[in-house]
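The values are calculated or read from the model by the stated rules, or taken from the named source; none is laboratory data. Bear in mind the structure is a predicted one, so any value in this text is a computation, not a measurement. Note: ideal-geometry Cβ built from the backbone for every residue, glycine included; neighbour counts use all protein chains shown.
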There are 2 protein chains.
Amino acid sequence: MSDKSISPVGPPDATIQRALNVKGSNGEGIKHDDIPTTLPPWNSDKSSLKPNFKVPNHLKPSGTASTKLLEIERNRASFSSESLKVYLYGKDYLNRMNKLLNIIQQEEAFDKTRLNYQGRNEKFRHSLRKDKRFVQLSKEFDWNTEDVNMAEMLIDIPGPFSLHKSMFLKTLTEQGDDEQQELFTKRAQNFEIIGCYAQTELGHGSNVQGLETIAAYDKEAKEFVINSPSLTASKWWIGGLGRAADHAVVMAQLITNGVKYGPHPFVVPIRDMKTREPLEGRIIGDIGPKLGYQTTDNGMILFDNVRIPHNHFLSRFSKIDPITGNYIKPQNAKLAYGTMTYIRAGIVQQARTVLARACTVAVRYCAIRRQFVDKDAPMDGKKPAENQVLDYQMVQYRIFPIVAQAFACHYTGKEMFRLYNESQKNLAEGDFSLLADVHASSSGLKSLCTIMAAQAIEECRRACGGHGFSQASGLGALYADYLPTVTWEGDSYMITQQTGRYLFKTMRTLYQDRNAKLSPENVTGEYILRYLSNPEAKSSVKYSGDFHDVEAFVHAFGHRAAYLIAQATKKRDIERRTWNSLLVDIYRCSVAHCQFIMVRNFAQAVLYDVDLKSNSALHQVVKVVFELFACHTMDLEASEFLSSGYITPIQHNLLRSQVYNLLSQIRPEAIGLVDSLGIPDYLLNSELGRYDGKVYENLIQFATKEPLNSIKFNVSYKDNELGIGEPKLAKL
Amino acid sequence: MSDKSISPVGPPDATIQRALNVKGSNGEGIKHDDIPTTLPPWNSDKSSLKPNFKVPNHLKPSGTASTKLLEIERNRASFSSESLKVYLYGKDYLNRMNKLLNIIQQEEAFDKTRLNYQGRNEKFRHSLRKDKRFVQLSKEFDWNTEDVNMAEMLIDIPGPFSLHKSMFLKTLTEQGDDEQQELFTKRAQNFEIIGCYAQTELGHGSNVQGLETIAAYDKEAKEFVINSPSLTASKWWIGGLGRAADHAVVMAQLITNGVKYGPHPFVVPIRDMKTREPLEGRIIGDIGPKLGYQTTDNGMILFDNVRIPHNHFLSRFSKIDPITGNYIKPQNAKLAYGTMTYIRAGIVQQARTVLARACTVAVRYCAIRRQFVDKDAPMDGKKPAENQVLDYQMVQYRIFPIVAQAFACHYTGKEMFRLYNESQKNLAEGDFSLLADVHASSSGLKSLCTIMAAQAIEECRRACGGHGFSQASGLGALYADYLPTVTWEGDSYMITQQTGRYLFKTMRTLYQDRNAKLSPENVTGEYILRYLSNPEAKSSVKYSGDFHDVEAFVHAFGHRAAYLIAQATKKRDIERRTWNSLLVDIYRCSVAHCQFIMVRNFAQAVLYDVDLKSNSALHQVVKVVFELFACHTMDLEASEFLSSGYITPIQHNLLRSQVYNLLSQIRPEAIGLVDSLGIPDYLLNSELGRYDGKVYENLIQFATKEPLNSIKFNVSYKDNELGIGEPKLAKL
């Protein structure tokens, strides 16, 4: 083993582990001459993690040990959670995760527990250090893109380099010409320059065309002059800009020869590489405290006659003739759809992970938490045991559907990536139709899944009762950091208009011509045609037990979606309503369509997935999860199923009964199901949701590390001293 | 003017203001010999509030100035928002608010803006300082209870003395005998001792009977011995315990002569009054970081053979004979219902304020925010103006119902206090029936209103788009601090069982005997009787315009509630279902009942409130708000109105149309309505929701104050230095 393979951080066995897991059989590391061979230990001040008081060892939680409780729960499941996990994720994925966890968990720079105790300044420093260490390790271990993505997902601390690695690099790569690849991309890939992506402005978010920042071409000087004509033109929310970046891709209104050509990307140096001071004409700052993302330096920038050379305009598509200043149009703009669809598929998959994290915490903790005695409950030692909170129907009703939503997002995320890949193949053959379909649904799915996931985190947090409010739950920080996803990449309440437009168009097309040609795999057309052939279709359910037929659910959701689309299209085309007066109806069409898609994708797996059907225990439990997803969603939206005449009041009552039945069926499987979702403790970062169930011991440890516990306070109102022993007129 | 009336803090004119407003015409302050006559200025380190960079003055937001925009909006309202405000709150309330604001806003100790930039330690110090200063001012100005309550509401920073002032003092006052009033209450009122209320344990929240902490009476020593038998027995979440309190009221299982008598309150000294070290046998700590409430030191305590004298057992009700150790029972336990009802009425009123804060921010900001151009929009200077976000139906649909909910909570809170007072009168005459009614509804209303308010904050935050995620919105902190209300004073998802039991009982009683005697003013019986007399009743609506009849809404909500109660009671009594298998149904009954109560109380005002009806402009707009509340709530819950057969699918479609109509009717009134809710900027604490509309200028100022902006960072991954100029191996 070479010296280089010995990590400066972490205990020796971790080093060996690493060598064994990652570097191949001979344990040789890959040499990178540009990084220091012996990294100094990133010793940090660990004071915030030392206990500030002690609790006697002899005290234990009362009642059955929680580790034992979870063991009992695990034995109750009718299936192997390990097999279900392998089925869901595949062995490659799980191996990669283990390989990376072995490295990451040893790194103090990736320690998440301390974030809970840190203020903004410390949080930012921690994440800057994390980002630097990440670069070092990715080079040391030669991580490929999949490794990097998974490592980021596991570490889960958005940092000052996040936008550099994503949008900055992506824009350079995709939109820079060959010269610019040398000039910018290579240096960015090597982290010689750190960049950010400056699009959003103080007064302009979704409406990119309305951006105010101006880049005017000065053909005499062969330079662009960047200006912020107003306060609202200030770039705002730009990740990495606040303190870190020295370069920015700036989206600005291109003006040349007195004509405005809309927003285009420019590379603008913003900070001195050495002193890190803003360069002349740039006013830069961090935009201040946020609900989450405290580890990232979202920033603002104002430009005052900032000049950049001609070759800083990213020119792979549009170009400016340097001498005449003439604008040369890009070839094809539709390609951007592909990228957006890909990103949204990623967002749906991320929603899966978020839902999985949330329900894992709630289900495990509610299996451990006991509250109130049930007269019929079994004895626990001498006194009757309190009920496990998970036994309460109201708790099950709140959290089991979230387990089902995680599965639903899993299948739909998978299908979106499959369709994306298909559509890329079709593109190569000049066929845009599938891409247009997938893109349209992807807007609504982004909306539906992000709103669902955000709500689920909060629902699960509340299901944890009082302790849900402690940062030890891990759910508060998850919520705070997840929320921007509801707003960015298309505000989830406005973006559904894209889906609506597509649904209206499909309805019109098929209404006029039942044989109109649609793209291959167009499921929208399928359910609209079925509806048009029989708008008065009715559910055939007679008993609650009838809510089993997988195909019937697909038809029910398709009928309801088509009904809403038909109603709304009628209002638009016949009653001539304004688009604005239909926005809520459009939103509802999008939700109905996307719920159909999710039910349908889940149903496909239950009906046709060979891997799943080959293991009957797995197939059985996944089918129950599917039924819960379908029945619970149907009940949530029951007014639309009732209004369309598809179900009757009596069937609605049967549906509710069936939801309750399914909750009872899920109860013994619950811990097994969340185990199978495969969220490692390191990602979960929750004392309530730990795999080993040692909740109470760790809540105490969590308390002992609070730095405030090292200070004593003077509480006399007559005295201005705050901390005892501190000078009078104490600092705040 | 005496020396004493000159405040050491704030500019001279503020001092004069104070003297004029508060101290009567001669400006003489009331003398309190026990406080220092000249308070030293509480100078704090203001660094976090200094701008760290500057933005040129000449830059202004583009488009119509937002102040102007709000002025235009204010002129569109059909009524005087000032008159509506006076109608809602009364002049006394508003005068008191102005009087207090004049004092409070001048105080640096009550400055809320800095909280956004502080870490936990600084936040706690700030609130300790706030609590001390509050005591000083309340003495200086001789505030009465109403002044104190309103001042706390306006300052809105939960602090280390909060539980001292509420539960600690309350328990001492109500449960201490005469000797204990001298021994504890007086000293607590004088802030000579600082206390907390230690009930909840690490393993025990809602189930108070299950508390593990033991207080065993030792008759030889005439002492109680307090012990924590396990880790889960640790007192937990106790506000003020973590760092501040020197005394605690501890709820512990009383054991005397070998018999256990359930939880009782004991006063336990916990910290040395001088050194502030925990006394022997007490392990105390702050429980660590939380989602909100960072300004409060929620704490834990474990007891190891802690001995307290016989007179530390609060003995107004239960007593222990000091010599025999015999337990003497309390006289009457039912009285506790009154207090709980009173607290819950307060929670509903607080929900009103929270809803008002949330919708004020969203409505004002959405009137200022513009996004996307509408082809038909009026011209704003040369280019077509972008739409005000408030014009989008989808935005209206999300936030206008929240305005209506604020009004609904206003009327129901008011009615709850009225009924509470009535029930207290009845009690004096030995009649418990009204109190039992009011108590039962108060559980469900606590549940419904807290869940509604929490959701509203988040809905309004999202409606603010990207900037909603900045702490400058004020909504993030509001949400984080409001959330515990959903869990405490009875978990809002479990507490509905109390309401359910009462509803089942009323249904059974009336089903068996239509003439059974109910308490006076029993509205539950009214709607149940109406249902029983005609379970097949149907709505008579034919056009969306028919959704105007105020009484008809009351009947509709009553019918639906009674329908659900009848169904659930049948399951319980005839199908013999277990209580647990009905928890979701019970929750639904409670929601339906409480929505009925809210619609009914609101309807009463629209129909019969003389003050309201005397001003037709006010009456007109409040009626529209009522209709929106009723129609929107009905649509949210439409599946139950449909299932009960009360409305048809066609009527459901009309209902949705009517909601859209009402949104358009509210649109021009929106700013007037939120103005009338009367939330002062100081309480709002939001750059987005400011009365003057200067959003963008203040977002910039907000950014300049971020302390991180004073530090420069080294972003080279090869270098472990983080902040530039700091030593290598920098501290995190």
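Restricting the first residue to region A:306-317 and requiring it to be under 11 Å from A:Ala215 (Cβ atoms), which pairs with a second residue that is among the charged types (D, E, K, R) meet a Cβ separation below 7 Å and a spacing of at least six or different chains? Qualifying pairs under 7 Å: A:Val306/A:Arg282; A:Arg307/A:Glu223; A:Ile308/A:Glu223.
Yes or no: B:Ile650 within 10 Å of chain A (Cβ to nearest Cβ), at pLDDT 95 or above, over 26 Å from the mean Cα position of the chain (by Cα) and surrounded by fewer than 24 Cβ atoms within 10 Å (Cβ to Cβ)?
Values: within 10 Å of chain A (Cβ to nearest Cβ): yes; at pLDDT 95 or above: yes; over 26 Å from the mean Cα position of the chain (by Cα): yes; surrounded by fewer than 24 Cβ atoms within 10 Å (Cβ to Cβ): yes.
Here the answer is yes, as B:Ile650 does meet what is asked.
When region B:370-416 is filtered for residues that are at the interface with another protein chain (Cβ under 10 Å from one of its Cβ atoms) and modelled with pLDDT of 95 or more, the ones remaining, listed by number, are B:Val389, B:Asp391, B:Tyr392, B:Gln393, B:Met394, B:Val395, B:Gln396, B:Tyr397, B:Arg398.
For region B:489-507, what are the residues that are within 13 Å of chain A (Cβ to nearest Cβ), aliphatic (A, V, I, L, M) and farther than 13 Å from A:Gln393 by Cβ? If the condition is that a residue be within 13 Å of chain A (Cβ to nearest Cβ), aliphatic (A, V, I, L, M) and farther than 13 Å from A:Gln393 by Cβ, then B:Ile495 is the only one that fits.
No other residue among B:Ser533, B:Ser581, B:Ser539, B:Ser614 is within 30 Å of B:Ile671 (Cβ to Cβ) and over 29 Å from the mean Cα position of the chain (by Cα) apart from B:Ser614. Would a scan of region B:672-686 turn up a residue that is modelled with pLDDT under 95 and farther than 18 Å from B:Tyr117 by Cβ? There is no residue in region B:672-686 that is modelled with pLDDT under 95 and farther than 18 Å from B:Tyr117 by Cβ. Test B:Gly678 against the criterion of being over 19 Å from A:Leu564 (Cα atoms), more than 10 Å from chain A (Cβ to nearest Cβ) and buried (at least 22 other Cβ atoms within 10 Å of the Cβ), and give yes or no. Answer is no for this residue. Of the residues that sit in region B:196-232 and are small (Gly, Ala, Ser), closer than 25 Å to B:Thr485 by Cβ and outside any loop (DSSP other than H, G, I, E, B), which one is nearest to the other protein chains (Cβ to nearest Cβ)? For region B:196-232, the residue satisfying everything is B:Gly210.
Just for region B:274-287: of the residues that are crowded, with 21+ Cβ neighbours inside 10 Å and at the interface with another protein chain (Cβ under 7 Å from one of its Cβ atoms), which one is farthest from A:Phe469 (Cα to Cα)? Don't jump to the end; show me each part of the working.
Of region B:274-287, the ones crowded, with 21+ Cβ neighbours inside 10 Å are B:284-287.
Keeping just the survivors that are at the interface with another protein chain (Cβ under 7 Å from one of its Cβ atoms) gives B:285-287.
On the way: B:Gly285: 17, B:Asp286: 14, B:Ile287: 11 Å.
Only one residue fits best here, namely B:Gly285.
Would it be correct to say that B:Gly346 is more than 14 Å from chain A (Cβ to nearest Cβ), more than 30 Å from B:Leu231 (Cα to Cα) and among the small types (Gly, Ala, Ser)? Please lay out each step first, then the result.
Values: more than 14 Å from chain A (Cβ to nearest Cβ): yes; more than 30 Å from B:Leu231 (Cα to Cα): yes; among the small types (Gly, Ala, Ser): yes.
So B:Gly346 passes the test.
On the stretch given as region B:449-484, residues that are closer than 23 Å to B:Val599 by Cβ and among the hydroxyl-bearing types (Ser, Thr, Tyr) total 1.
The one condition from (1) over 21 Å from A:Asn698 (Cβ atoms); (2) part of a helix (DSSP H, G or I) that A:Ser78 does not meet is (2).
Per the conditions (1) buried (at least 22 other Cβ atoms within 10 Å of the Cβ); (2) within 15 Å of the chain's Cα centre (by Cα); (3) within 30 Å of A:Lys517 (Cβ to Cβ), the sole criterion not satisfied by A:Gly490 is (1).
Taking the criterion of being over 18 Å from B:Tyr682 (Cβ atoms) and in a helix (DSSP H, G or I), would at least one residue in region B:89-96 satisfy it? Taking every residue of region B:89-96 in turn, at least one turns out to be over 18 Å from B:Tyr682 (Cβ atoms) and in a helix (DSSP H, G or I).
With respect to the conditions (1) touching a helix residue (DSSP H, G or I) at 6+ places or on another chain (Cβ under 8 Å); (2) at pLDDT 95 or above; (3) within 27 Å of A:Lys290 (Cα to Cα), A:Arg120 lacks only one, and its number is (2).
Each row is one residue, and each column tells you yes or no for (1) more than 23 Å from B:Leu483 (Cβ to Cβ); (2) not β-branched (Val, Ile, Thr).
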{"position": "B:Phe141", "(1), (2)": "yes, yes"}
{"position": "B:Pro160", "(1), (2)": "no, yes"}
{"position": "B:Leu163", "(1), (2)": "no, yes"}
{"position": "B:Lys170", "(1), (2)": "yes, yes"}
{"position": "B:Glu174", "(1), (2)": "yes, yes"}
{"position": "B:Glu179", "(1), (2)": "yes, yes"}
{"position": "B:Glu182", "(1), (2)": "yes, yes"}
{"position": "B:Ala188", "(1), (2)": "yes, yes"}
{"position": "B:Ile193", "(1), (2)": "yes, no"}
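Screening B:Gly203 on (1) at pLDDT 95 or above; (2) of a type outside the set (A, V, I, L, M); (3) more than 22 Å from the chain's Cα centre (by Cα); (4) under 30 Å from A:Arg369 (Cα atoms) shows it passes everything except condition (1).
Within region A:653-673, at least one residue is within 7 Å of another protein chain (Cβ to nearest Cβ), buried (at least 16 other Cβ atoms within 10 Å of the Cβ), within 35 Å of the chain's Cα centre (by Cα) and more than 30 Å from B:Phe191 (Cα to Cα). Among strands (runs of 3 or more DSSP E) entirely within region B:267-331, having at least 1 residues that are among the aromatic types (Phe, Trp, Tyr) singles out B:299-303. A:Ile193 meets the conditions (1) more than 24 Å from the chain's Cα centre (by Cα); (2) away from chain B (no Cβ under 11 Å); (3) closer than 15 Å to A:Val267 by Cα in every case but one. The failed one is (2).
Conditions (1) modelled with pLDDT under 95; (2) under 22 Å from the mean Cα position of the chain (by Cα); (3) under 15 Å from B:Glu152 (Cα atoms), marked per residue:
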position: B:Ala77; (1), (2), (3): no, no, no
position: B:Ser81; (1), (2), (3): no, no, no
position: B:Leu84; (1), (2), (3): no, no, no
position: B:Lys91; (1), (2), (3): no, no, no
position: B:Asn98; (1), (2), (3): no, yes, yes
position: B:Glu107; (1), (2), (3): yes, no, yes
position: B:Lys112; (1), (2), (3): yes, yes, yes
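With respect to the conditions (1) within 13 Å of chain B (Cβ to nearest Cβ); (2) assigned to a loop (DSSP other than H, G, I, E, B); (3) over 25 Å from A:Glu174 (Cβ atoms); (4) small (Gly, Ala, Ser), A:Ala245 lacks only one, and its number is (3).
When you scan region A:475-520 for helices (runs of 4 or more DSSP H) that lie fully inside it, which ones turn up with 3 or more residues that are of a type in the set (Phe, Trp, Tyr) and out of contact with any strand residue (DSSP E or B) (no Cβ under 8 Å at 6 or more places or on another chain)? Please lay out each step first, then the result.
Details: elements: A:475-482, A:484-487, A:496-512.
Fully inside region A:475-520 and qualifying: A:496-512.
Take A:Gly689 and decide whether it is crowded, with 21+ Cβ neighbours inside 10 Å, within 30 Å of B:Ile284 (Cα to Cα) and within 24 Å of the chain's Cα centre (by Cα).
Working: crowded, with 21+ Cβ neighbours inside 10 Å: yes; within 30 Å of B:Ile284 (Cα to Cα): yes; within 24 Å of the chain's Cα centre (by Cα): yes.
Taking the combined requirement at face value, the residue satisfies it.
A single entry from A:Thr185, A:Thr200 fulfils the requirement of being over 12 Å from A:His247 (Cα atoms) and surrounded by fewer than 24 Cβ atoms within 10 Å (Cβ to Cβ): A:Thr200. For B:Leu607, the conditions (1) farther than 27 Å from A:Asn653 by Cα; (2) under 26 Å from the mean Cα position of the chain (by Cα) are fulfilled apart from (2). Out of B:Lys290, B:Lys260, one residue alone is in contact with a strand residue (DSSP E or B) (Cβ under 9 Å, 6 or more places away or on another chain), more than 24 Å from A:Cys464 (Cα to Cα) and without any contact (Cβ under 8 Å) to a residue 12 or more places away in the chain. It is B:Lys260. The set of residues in region B:139-169 being more than 19 Å from the chain's Cα centre (by Cα), more than 14 Å from chain A (Cβ to nearest Cβ) and either within 22 Å of B:Ile238 (Cβ to Cβ) or part of a helix (DSSP H, G or I) (or both) consists of B:Leu169 alone.
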